[in-house]
Amino acid sequence: MAGGTKRADKGIGAGAVFVLILLFIVIVIGFVVLVRNPAPAIRLKGDIKGIGAATLVQFEVSDARHRIRKIELTVRQDSRSYSVPLEQMQFGEGPRPWWKLWAPLRENSVSVMATVGRKTLPELHEGRASLDIVATNDSWGRFFRGGRREVTRDLPVRLTPPHADVLSTHHYINQGGAEVVVFRVSPGTSESGVEVGKLIFPSWAVKESAPDVRFALFAFPYDFGPATPIRILARDDAGNETVASFDYRLFPKKFHSGTIQVTDDFMNRVVPPIMSQTPGLVDQGSLLKNFLLVNGKLRAEQAQKLVELSRQTAPHFPWTGPFIALPSKVEAAFADYRSYVYNGQVVDHQTHLGFDLAGFEHMPVQAANDGVVVLADFFGIFGNAVIIDHGCGLQTLYGHLSAIEVKAGESVRRGQEIGKSGQTGLAGGDHLHFTVLLDGIPINPTEWWDPHWIHDRIEEKLAPYR
């Protein structure tokens with residue numbers, strides 16, 4: 001009997017130990033759940049280098065498992081804190097509900113935009129300040145207060161905008177053409193250039209040893225009105241911005257217009273090859289509709305592609321002297337306005353932004369000046385094409401080639417043969433389509449063929465600062 005009691009006591013002891021261990025595990029798990037910090041992620045968009053009069057701050061808060069409960073943006077300076085209002089918040093889908101265990105995980109994200117600086121916080125002064133971003137989710141972490149993430153940046157506060165002093169004179173601008181202005185920027189300026197309407201043409205150092213002396217080669221597009229403002233723009237790394245006027249004279253120009261007869265034979269020859277080499281184009285079900293797709297949508301897409309290619313440019317001019325003009329018959333000039341007529345009806349309107357130069361079949365095509373090839377391939381309406389970069393956003397395009405004799409990345413010299421003329425792309429016959437581009441914007445080639453214009457507009461202005 002005594003032995004039986006002893007066995008029972010032993011069994012109760014083992015059970016109690018098991019319960020205690022289980023209770024301990026539950027307590028530890030609960031403590032970890034409540035104390036741990038399953039925080040959201042914060043990702044800043046762009047590199048914030050300082051706080052200015054109105055510095056744009058953009059960031060994204062994301063969480064794969066919990067809802068984002070609160071986002072705060074604060075600036076601290078001299079032991080004082082200033083709450084910054086969030087101007088724009090764009091929410092994602094949000095995570096799956098906790099009870100839908102079968103549903104896939106979805107990341108909850110919020111894109112945030114705010115303006116920080118003197119305009120929103122008048123108490124700020126020059127010196128240094130701390131920019132704090134805090135995001136909290138709805139998890140049980142930190143004893144039910146939610147997971148918390150904080151990102152802090154210690155930044156300089158600069159409230160005085162940069163300035164730009166104009167150095168060059170005699171700025172004469174032809175509509176559809178280009179011009180150069182030389183100016184000096186104050187220390188701390190991170191970006192500068194010329195603003196023409198809504199277009200911005202960046203500036204470049206005249207020489208590396210004096211980066212504050214800048215020049216901007218800018219265009220006045222053929223379709224801009226004479227009242228379009230032109231001014232120098234300068235911005236520092238804190239987002240402070242200033243504009244400066246300079247004297248110039250604009251010469252408006254009236255461009256030609258004409259009619260292009262579209263035939264079935266022409267469309268049957270040019271449209272199918274372009275469609276076959278442009279996978280993004282969807283067959284519209286008729287030859288005419290496919291032609292209009294190529295002449296309109298594809299033309300617009302390629303105009304944007306030219307802007308993108310312009311970013312592959314050298315920060316200097318590798319050439320001197322005028323650009324080569326092929327001794328050919330001009331079949332179409334820059335900015336000719338074309339009405340396309342099919343079976344007696346006008347079906348489309350487009351502007352021809354280059355020169356069509358015809359000589360003899362498969363005539364040699366020369367590089368207009370020194371540079372580097374950035375494209376040597378089939379290029380939609382231009383067919384087989386070559387684009388050469390001549391530095392500082394200046395590029396030339398050679399289209400409708402029957403043969404390409406260079407490759408992308410290759411350096412070429414003025415007068416070097418780069419291909420043969422042809423009728424690939426939207427070409428009615430064997431010829432060269434030649435375009436001059438500035439930051440992807442087509443400009444009139446005639447200025448670049450003129451040695452006097454090159455000397456007066458570019459060389460003479462840059463020479464005193466080199």
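Some points to look at:
- Region 423-449, residues that are in contact with a helix residue (DSSP H, G or I) (Cβ under 9 Å, 6 or more places away or on another chain), over 17 Å from GLY399 (Cα atoms) and either of a type outside the set (Ser, Thr, Tyr) or without any contact (Cβ under 8 Å) to a residue 12 or more places away in the chain (or both): ASP439, GLU447, TRP448
- Among residues of region 166-187 that are in the same structural domain as ALA210 (by TED's automatic domain parsing) and of a type in the set (Gly, Ala, Ser), those with a beta-carbon under 9 Å from a residue that is part of a strand (DSSP E or B) and surrounded by fewer than 18 Cβ atoms within 10 Å (Cβ to Cβ) at least six positions away or on a different chain give the pairs GLY177/PHE251; SER186/ASP165.
- Taking the criterion of being under 30 Å from GLY428 (Cα atoms), surrounded by fewer than 12 Cβ atoms within 10 Å (Cβ to Cβ) and among the hydroxyl-bearing types (Ser, Thr, Tyr), the only residue of region 218-262 that qualifies is THR259.
- Test: residue in region 156-172 that is aromatic (Phe, Trp, Tyr), surrounded by fewer than 18 Cβ atoms within 10 Å (Cβ to Cβ) and farther than 30 Å from ALA463 by Cα: no
- Exactly one residue out of ASN290, ASN268 is surrounded by 13 or more Cβ atoms within 10 Å (Cβ to Cβ) and farther than 29 Å from GLY409 by Cβ: that is ASN290.
Residues are listed down the side, and each one gets a yes or a no for (1) modelled with pLDDT of 95 or more; (2) assigned to a strand (DSSP E or B); (3) touching a Phe, Trp or Tyr at 6+ places or on another chain (Cβ under 8 Å):
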{"position": "ILE381", "(1), (2), (3)": "yes, no, no"}
{"position": "ILE387", "(1), (2), (3)": "yes, yes, yes"}
{"position": "CYS392", "(1), (2), (3)": "yes, no, yes"}
{"position": "LEU397", "(1), (2), (3)": "yes, yes, yes"}
{"position": "HIS400", "(1), (2), (3)": "yes, yes, yes"}
{"position": "VAL406", "(1), (2), (3)": "yes, no, no"}
{"position": "GLY409", "(1), (2), (3)": "yes, no, no"}
{"position": "GLY419", "(1), (2), (3)": "yes, yes, yes"}
{"position": "THR424", "(1), (2), (3)": "yes, no, yes"}
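- Strands (runs of 3 or more DSSP E) completely within region 120-212 that count 2 or more residues being β-branched (Val, Ile, Thr) and touching a Gly at 6+ places or on another chain (Cβ under 8 Å): none
- Failed item in (1) of a type in the set (A, V, I, L, M); (2) in contact (Cβ under 8 Å) with a residue 24 or more places away in the chain; (3) within 21 Å of PRO442 (Cα to Cα), with VAL341 passing the rest: (3)
Let's see how each residue does on (1) under 21 Å from ALA367 (Cα atoms); (2) in contact with an Asp or Glu (Cβ under 8 Å, 6 or more places away or on another chain); (3) of a type in the set (Phe, Trp, Tyr):
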{"site": "LEU287", "(1), (2), (3)": "no, yes, no"}
{"site": "ASN295", "(1), (2), (3)": "no, yes, no"}
{"site": "GLU301", "(1), (2), (3)": "no, no, no"}
{"site": "GLN304", "(1), (2), (3)": "no, no, no"}
{"site": "SER310", "(1), (2), (3)": "yes, yes, no"}
{"site": "THR313", "(1), (2), (3)": "yes, yes, no"}
{"site": "HIS316", "(1), (2), (3)": "yes, no, no"}
{"site": "PHE323", "(1), (2), (3)": "yes, no, yes"}
{"site": "VAL330", "(1), (2), (3)": "yes, yes, no"}
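- Once region 130-162 is narrowed to residues that are farther than 13 Å from GLY50 by Cα and among the basic types (Lys, Arg), the residue that is modelled with the lowest pLDDT is ARG142.
- Tallying residues that are in contact with a Lys or Arg (Cβ under 8 Å, 6 or more places away or on another chain), part of a loop (DSSP other than H, G, I, E, B) and closer than 18 Å to GLU191 by Cβ within region 229-245 yields 3.
- Against the test of being in contact with a helix residue (DSSP H, G or I) (Cβ under 7 Å, 6 or more places away or on another chain), in contact (Cβ under 8 Å) with a residue 24 or more places away in the chain and not polar (S, T, N, Q), the options ARG214, ARG118, ARG148, ARG153 yield a single qualifying residue, ARG148.
- Those residues of region 271-309 which are of a type in the set (Asp, Glu) and either in contact (Cβ under 8 Å) with a residue 24 or more places away in the chain or within 11 Å of GLY380 (Cβ to Cβ) (or both), in sequence order: GLU301, GLU308
- Pairs linking a residue in region 59-80 that is not assigned by TED's automatic domain parsing to the domain that holds SER109 and at pLDDT 90 or above to a residue that is surrounded by fewer than 16 Cβ atoms within 10 Å (Cβ to Cβ) and of a type in the set (Ser, Thr, Tyr), with Cβ atoms under 7 Å and 6 or more positions apart or on different chains, do not occur.
The values are calculated or read from the model by the stated rules, or taken from the named source; none is laboratory data. Computed from a prediction, not measured in an experiment: that's the story for all the values here. Ideal geometry is used to build each Cβ from the backbone, glycine not excepted, and the neighbour counts take in all protein chains shown.
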